[in-house]
1. Stretched out fully, how many nm does the piece from A:E192 to A:V160 gain, at 0.36 nm a residue minus the Cα gap?
2. Are there DSSP H segments in chain B that both extend 20 Å or more along their axis (alpha-carbon positions) and score a mean Kyte-Doolittle hydropathy of at least -1.0? List them, or say none.
3. By a straight-distance test (C-alpha under 20 Å), which lysines pair with A:K114 as possible cross-link partners, with residues fewer than eight away in the same chain excluded?
4. Which lysines, on any chain, are close to A:K145 with Cα under 27 Å apart, when same-chain ones fewer than 8 places away are left out?
5. I'd like the accessible area for B:W98, computed on protein heavy atoms only with a 1.4 Å probe and all protein chains in place. Round to 10 Å², please.
6. Between beta-carbons, use under 15 Å as the cut-off and find the net charge around B:A339, counting Lys and Arg +1, Asp and Glu -1.
7. In Å², nearest 100, what accessible area do chains B and A bury in total when the solvent probe is 1.4 Å?
8. Where does helix A:180-194 land angle-wise versus the long Cα axis of chain A, in degrees 0 to 90, nearest 10?
Amino acid sequence: MPNTELTVAVIDLNPARAAIVEEGLRASGIREVVVIPDTAGLLARLQEVDPDVVVIDLDSPSRDLLEQLFHVSRLVERPVAMFVDRSDAATMEAAVDAGISAYVVDGLKPERVKSIIDVAVLRFNAFAKLQRELTEARSELAARKVVERAKGLLMKAKGVTEEEAYGLLRRKAMNEGRKLAEIAQALVTSFELLE
Amino acid sequence: MTELRIGYVPLTDAAVVIAAAERGFATRHGLSLVLEREPSWATLRDKLLLGIVDAAHLLAPLAVATAVGLSPGGPVPLVAPFCLGLNGNAVTVSAALWAALAAEGPIDGPAAVATSLGRALRRRGAGRPATFATVFPFSFHTYQLRAFLRLGGIDPDRDVRITVVPPPYMVDALRAGAVDGFCVGSPWNSVAVESGIGRIASLGCHLMPDLQEKLLAAPRGRLAPSVTDALVAALAEAAEWCADPANGADLASLLGEARHLGIDPAILRRTLDGRLLADRDGTVLADPAYLRFGGDLHRPDPGQAARILALMAEAGQRAPADVAHAEPARAVFDPAPWAARAGCAAP
């Protein structure tokens, strides 16, 4: 279990992901989790929060600013070392794969840091999976809609039943080795052009 | 064929690496270069230290900072067998700030511009201080920006706020009004001018000449000596190709591709030729030294190490008296593979 007395700051421009990470850290027993949603006044926020660990999106443009702040602020007095310290290759690689970078106060026990990173990695990955599923669900819904539309057009134009219209689309798709939705989309597009 | 992953930040001076990978120079030396574009310097450094990329297009001061332990994740002895290019930076200010400083006095040359800028900033008074951006704490951009401000009697630590924005985000930061000016590498100054939101105030080479701006760096021991030699040979040939004006159009369109810089080749061509449109009114700042490729400048110069350490000390990034930094900093610049290649190439 991570040490409950630690304060973790999550810097993330993506509020949905930040919420998921925050919830995960809290569930693992960390009471002080602060989400910093943007870079406006980042230095002041960091000084206020005084985090032991900062978790940030690896590709965030704010990372370079963060490193500058470590140099100019009093955070320098409590040296902040990046978690990427080569002592635990597996954890580091998992973090980079998930798109996470983290900074920790010097002297923090590695296993404490590791448990925090592990939670963040799980949550980042869960969020990425969620987004993928959402995108897939959206495209599936769109596909279903366009097939419905194509069926309707065929029924009207050829005077066939819904089942026959569906059969026509399916046969065409199979003959051409393409997806049903693609055939339906082509039909809808050409209909719109002719309209 | 040895596969090497090389990370770079989208900048014109990644040209030699990109040309080596895409115009056959690497394969000729038995290497297959896989390019990985990174959005920011901290990310590229981390991926280099973690071994996700084998070598990187790196700011020379960042390589030194990592080697001496000033940068997170260090100290890691980095070694650079090749310098990727000389100079290439410029200072740009917002169109509004340019109008204010031009109203104050002369604008011929960096010192005059900086002096007028100083007057304009003092006139603004004690409200919100002007904000200038550099690309990374450990960068020549930081030191050139500070030198430029000092030319105008502006104290970089007290009179202005200095923030950090990675190169590809610089123009957006200026457009959004988050910064009033910046020092960044080519082509981002020109992109700001082209968008009508910025005016180039000074070329970097007029503030500090002959800087080995970017290095091709890897952790010591990561690349086998034979691989390093092949890489240096391939990069040297690619550099000559980049330096030949006859290849300018091809190079500009290669760099301009969406998977590399994603910038209009016409803009890239001007920066490669050292003829920069400084202002949309047609003012051109021209200097062949603006960004240089080709010849001996690619030989890593260990003499740059002391210069970088002194600049870091001036910027308050390290204690000037810390002599322990001298040796690891010097060791970053390794001219031996270059010399060996030159020896082989001699008739």
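The values are calculated or read from the model by the stated rules, or taken from the named source; none is laboratory data. In this text the structure is predicted, and so the values were computed from the model without any measurement. All Cβ positions, even for glycine, are placed from backbone atoms using ideal geometry, and neighbour counts span all protein chains on display. Each accessible area value is taken on the protein alone, full model and side chains, heavy atoms only, with ligands, DNA and RNA left out. Shrake-Rupley method; radii C 1.70, N 1.55, O 1.52, S 1.80 Å.
1. Values: separation 32, 0.36 × 32 = 11.52 nm, distance 2.01 nm.
Extending this stretch completely gives an extra 9.5 nm.
2. On the way: long enough: B:110-124 (21 Å, -0.17); B:225-243 (27 Å, 0.87).
The answer, listed by residue number, is B:110-124, B:225-243.
3. Counting by Cα, and skipping residues close in sequence, A:K114 has these lysines nearby: B:K47.
4. Within the straight-line cut-off, A:K145 pairs with A:K129, A:K156, A:K158, A:K172, A:K179.
5. Looks like 20 Å² after rounding.
6. Numbers: positive: B:R299, B:R341; negative: B:D229, B:D296, B:D301, B:D334.
Local charge sum for B:A339: -2.
7. Details: alone 12890 and 11770 Å², together 22860 Å².
What B and A bury together is about 1800 Å².
8. Between helix and principal axis, roughly 70 degrees.
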